[in-house]
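K.L.:
Below are the structure tokens for one structure; questions will follow.
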Amino acid sequence: MKAKGPGPLLYKPAPKWQVISAFSGALAVHGIAVALAFHKEPPPIDTSDIPTATIEATLDQPPADEPTPPPEDIPVPEAPPPPEIQPEFHEEQTPPPQKNKKTQPIKAPQVVGPPKPPGMMTASQAKAVAISAPRPDYPYEARSRHITGSGVCVVSVDTGSGSVTDASMAQSIGNPILDNSAVSAFRRWRFKPGTVSKVRIPITFTMTGASY
């Protein structure tokens, strides 16, 4: 039988460059360790002998001779006018009552009564409001005997109708014939209603007739 030769090697030697790199790294670490061993820390610095400095802060002030700038003009509001001085004593006046425009004053009902009869009128005033005023006749018997004279007749009138209610001689003419003629004529007079209540009529008989 043939003897077997040696088998394949399981370990391979490292390349040279790796061996050199490892050796160089070991030297570098050793050198750093030696340097640290010989290095000494410097002693601490004593600061007690250093003098301290005090700093004072001052504000720069302008010199006294420099003029102060004038203040700005600020508009001043106008003062209100002084109030009017009222007199110490014044008479209080009560204001008139205000009328309510919505409510109208209620007027009291007026009582309508009979009109007051007017006073006594003269003959001229009565003839102005007379509707009918016949003249008294001069009777033939008195004319033939030339009887004349003057007198006054008072006539009463109904104010509602204006008719004569009574006539009488307040002063006689002096002859009953002439008195009757005057009264008879004045009883036929008519006036406007409500104008005459009583009339005083002077009358005179002459040869030419009756006048009043």
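The values are calculated or read from the model by the stated rules, or taken from the named source; none is laboratory data. None of these values were measured; they are calculated from a predicted model. As a convention, Cβ positions derive from the backbone with ideal geometry for all residues, glycine included, and neighbour counts pool all protein chains shown.
K.L.:
Go through segment 141-153 residue by residue and tally those that are assigned to a strand (DSSP E or B) and either in contact with a Pro (Cβ under 8 Å, 6 or more places away or on another chain) or not small (Gly, Ala, Ser) (or both).
P.N.:
Filtering segment 141-153 for residues assigned to a strand (DSSP E or B) gives 149-153.
Subsequent filtering for residues that are either in contact with a Pro (Cβ under 8 Å, 6 or more places away or on another chain) or not small (Gly, Ala, Ser) (or both) retains 150-153.
Number satisfying all stated conditions: 4.
K.L.:
So for segment 123-138 (the condition being modelled with pLDDT under 65 and outside any strand (DSSP E or B)), does at least one residue qualify?
P.N.:
So the first thing to find is which residues in segment 123-138 are modelled with pLDDT under 65, and the list is none.
No, because not a single residue in segment 123-138 is modelled with pLDDT under 65 and outside any strand (DSSP E or B).
K.L.:
Within 16 Å of Ala130 (Cβ to Cβ) and small (Gly, Ala, Ser), is that true of Ser172?
P.N.:
On the way: within 16 Å of Ala130 (Cβ to Cβ): no; small (Gly, Ala, Ser): yes.
No, not satisfied.
K.L.:
Tell me which of these Val199 doesn't satisfy, since it passes every other one: (1) outside any strand (DSSP E or B); (2) at pLDDT below 95.
P.N.:
Answer for Val199: the failing condition is (1).
K.L.:
I've got another one for you. Out of the residues in segment 188-203 meeting the condition of being aliphatic (A, V, I, L, M) and over 60 Å from the mean Cα position of the chain (by Cα), tell me which one is farthest from Ser156 (Cα to Cα).
P.N.:
Among those residues, the one meeting the criterion is Ile203.
K.L.:
So which of Ala210, Ala170, Ala128 is surrounded by 15 or more Cβ atoms within 10 Å (Cβ to Cβ) and of a type in the set (A, V, I, L, M)?
P.N.:
Of the residues listed, the single one that is surrounded by 15 or more Cβ atoms within 10 Å (Cβ to Cβ) and of a type in the set (A, V, I, L, M) is Ala210.
K.L.:
Looking only at residues in segment 154-189 that are in contact with a helix residue (DSSP H, G or I) (Cβ under 6 Å, 6 or more places away or on another chain) and in a loop (DSSP other than H, G, I, E, B), which one is nearest to Thr208 (Cα to Cα)?
P.N.:
My answer is Ile173.
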